[in-house]
1. Considering each of B:Leu103, B:Leu53 in turn, give the residue that is buried (at least 21 other Cβ atoms within 10 Å of the Cβ) and either modelled with pLDDT of 95 or more or within 11 Å of chain A (Cβ to nearest Cβ) (or both).
2. For the list (1) farther than 20 Å from A:Lys133 by Cβ; (2) assigned to a loop (DSSP other than H, G, I, E, B), I need the number of the one condition that B:Pro80 fails.
3. Residues of the stretch B:49-106 being within 17 Å of B:Ala37 (Cα to Cα) and more than 13 Å from the chain's Cα centre (by Cα), which ones?
4. B:Ile23: under 25 Å from A:Ala45 (Cβ atoms) and crowded, with 16+ Cβ neighbours inside 10 Å, yes or no?
5. Is it true that some residue in the stretch B:30-45 is within 14 Å of chain A (Cβ to nearest Cβ), within 14 Å of B:Val84 (Cβ to Cβ) and modelled with pLDDT of 95 or more?
6. Can you tell me which of (1) modelled with pLDDT of 90 or more; (2) touching a Ser or Thr at 6+ places or on another chain (Cβ under 9 Å) is the one A:Thr23 doesn't meet?
7. Does B:Thr13 satisfy the condition of being under 16 Å from B:Asn81 (Cα atoms) and surrounded by fewer than 22 Cβ atoms within 10 Å (Cβ to Cβ)?
Amino acid sequence: MTGHGPSSPEPRLTLKSQLEDLTRVWPWVEAIAARYSVPPDTQFAIQLCLEEALSNIIRHGYQGQADQPISIACTVECAPAAVENEHAAELVFTVEDHAPPFDPLARSAVPAPAPASLQELQPSGRGIRLMRKFAGRLTWQQLPNGNRLTMGFVLTR
Amino acid sequence: MQISTEELPGGITRVALDGRMDIAGAAVVDLKMNLIAGSAKKLLVDLRKVTFLGSMGLSAIVFPARAVKSRGGKVVLFAPNEMVESVLKTSGIGTLIPVCHELDAAIAELG
């Protein structure tokens, strides 16, 4: 996402680990969506997955510690489906933090069953299920000093 | 994010949510939702104008709904758009709280 002129959105957004800072994500996603003509449903999915990923990092990764760094980068890549459709493109969001190793995907390798009643409902645990449903591609990687979560959204098929 | 209420015939409280139920939106409606849930017996949560729903927004709807149901009341979610309904289904909430797309059906569910 470089070289698109002055109106192009920044390719990287840096946040602090506090929920209030997440309000900066939506305008950034909107600018990217406008730049790449992202359909509304995909824009919804991107926003949903980023919100879940970032709130997980703040609450579980940094365990509520404020002022810790989180960065989100956005790139456009060839989607895995490119073999079948040469026009397929994937919008890839890479979220990095400096929190202790925390694999959100392993936590739900065996997804918790859906609650049988409202009384059994827990305040957390839905985020990973939502990300698995709405992100086209989801991978986690441990870094020397943090974590990297990569989420891909196919733009065209 | 905006929230408004209206009393319908039959003792039904209609809560209309309007905007993005993201983290910021959830914070805006959370207190009022809990206040409404503290007294409503039949709660119709109107989602027609909700354009986004994340898990924090979901909590701001679901926990007040649980409070109503725990007092013997009833709750129905009304007219979510396709993506919002997909969030409800994926999170399992769609099976715990009825989702109706017709107002008559929603009112009948609360009857």
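The values are calculated or read from the model by the stated rules, or taken from the named source; none is laboratory data. Keep in mind the model is a prediction, meaning the values are calculated, not measured. Glycine gets a Cβ as well: all are built from the backbone with ideal geometry, and neighbour counts include every protein chain shown.
1. On the way: B:Leu103 fails: buried (at least 21 other Cβ atoms within 10 Å of the Cβ).
Step by step, each of B:Leu103, B:Leu53 is checked, and only B:Leu53 is buried (at least 21 other Cβ atoms within 10 Å of the Cβ) and either modelled with pLDDT of 95 or more or within 11 Å of chain A (Cβ to nearest Cβ) (or both).
2. Looking at each condition in turn, B:Pro80 falls short on (1).
3. Of everything in the stretch B:49-106, those that are within 17 Å of B:Ala37 (Cα to Cα) and more than 13 Å from the chain's Cα centre (by Cα) turn out to be B:Ser70, B:Arg71, B:Gly72, B:Gly73.
4. Numbers: under 25 Å from A:Ala45 (Cβ atoms): yes; crowded, with 16+ Cβ neighbours inside 10 Å: yes.
Answer is yes for this residue.
5. Taking the stretch B:30-45 as the starting set, the residues that turn out to be within 14 Å of chain A (Cβ to nearest Cβ) are B:30, B:34, B:37, B:43, B:45.
Imposing the further condition that a residue be within 14 Å of B:Val84 (Cβ to Cβ) reduces the set to B:45.
Filter again for modelled with pLDDT of 95 or more, leaving B:45.
Within the stretch B:30-45, one or more residues are within 14 Å of chain A (Cβ to nearest Cβ), within 14 Å of B:Val84 (Cβ to Cβ) and modelled with pLDDT of 95 or more.
6. Just one mismatch for A:Thr23, condition (2).
7. Values: under 16 Å from B:Asn81 (Cα atoms): no; surrounded by fewer than 22 Cβ atoms within 10 Å (Cβ to Cβ): yes.
No: the conditions fail for B:Thr13.
Per-residue answers, yes or no, for (1) in contact with a strand residue (DSSP E or B) (Cβ under 8 Å, 6 or more places away or on another chain); (2) surrounded by fewer than 19 Cβ atoms within 10 Å (Cβ to Cβ); (3) not charged (D, E, K, R):
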residue	(1), (2), (3)
A:Trp28	yes, yes, yes
A:Ala34	no, yes, yes
A:Ala45	yes, no, yes
A:Ile57	yes, no, yes
A:Ala66	yes, yes, yes
A:Ser71	yes, yes, yes
A:Val76	yes, yes, yes
A:Ala79	yes, no, yes
A:Glu90	yes, no, no
